[in-house]
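Enquirer: First the structure, which I've put down as structure tokens, then a few questions once you've had a look.
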Amino acid sequence: MMPEKDGHAFRTEQCADPALGSIPVIVFSGAYDVGEIAEQLGVRDYLTKPVDLQRLLDRVRRCCDQPRQS
């Protein structure tokens, strides 16, 4: 859980800021519907908790290798 705001509020604010909107986001969640949540947020990828470090690093590399989406 994030303090003060949830993922939806964060993503709304991020997308509203032109300087931050194109930064890739990977969602971490223990929710059973994390894939659906990620799709609703329009994020690049997601992982379920507990997070496996190697899977996280693989996802970050994948985001860094792909061109930014606007």
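Enquirer: Whenever you get a sec, compute what percent of the accessible area on the chain sits on carbon and sulfur atoms (1.4 Å probe).
Expert: Its accessible area is 55 percent carbon and sulfur atoms.
Enquirer: Another question, then. Report the semi-axes of the equivalent ellipsoid for the chain in whole Å, largest first, where each axis is √(5λ) for an eigenvalue λ of the Cα gyration tensor.
Expert: 19, 17, 10
Enquirer: Treating the beta-carbon of each Lys and Arg as +1 and of each Asp and Glu as -1, no other charges, what is the dipole magnitude of the chain about its Cα centre, to the nearest 20 debye?
Expert: The dipole of the chain has a size of about 260 debye.
Enquirer: For residue 22 and residue 1 in the same chain, what is the full-extension length gain: residue separation times 0.36 nm, less their Cα-Cα distance, in nm?
Expert: So the chain would gain 5.2 nm between residue 22 and residue 1.
Enquirer: A further question follows. Could you provide, to the nearest whole Å², the per residue accessible area of the chain with probe 1.4 Å?
Expert: 76 Å²
Enquirer: Filter the trypsin sites (Lys or Arg not before Pro) in the stretch 1-50 down to the DSSP loop ones having no more than 13 other Cβ atoms within 10 Å, then list what survives.
Expert: When the trypsin sites (Lys or Arg not before Pro) of the stretch 1-50 are filtered for loop state and at most 13 Cβ neighbours within 10 Å, 5 remain.
Enquirer: Run through the chain and list the chymotrypsin sites (Phe, Trp or Tyr not before Pro) located in a DSSP loop whose Cβ has at most 14 other Cβ atoms within 10 Å.
Expert: The qualifying sites are 32.
Enquirer: Still on this structure, please answer the following. Starting from the alpha-carbon convex hull of the stretch 1-41, give the projected area averaged over all orientations, in nm².
Expert: Its average projected convex-hull area is 3.1 nm².
The values are calculated or read from the model by the stated rules, or taken from the named source; none is laboratory data. Bear in mind that the values here come from a model prediction, so they are computed numbers and not experimental data. For neighbour counting, all protein chains shown are included, and Cβ atoms are generated from backbone atoms with ideal geometry for every residue, glycine included. When the accessible area is computed, the model is the full protein with side chains, heavy atoms only, and any ligands, DNA or RNA have been set aside. Shrake-Rupley method; radii C 1.70, N 1.55, O 1.52, S 1.80 Å.
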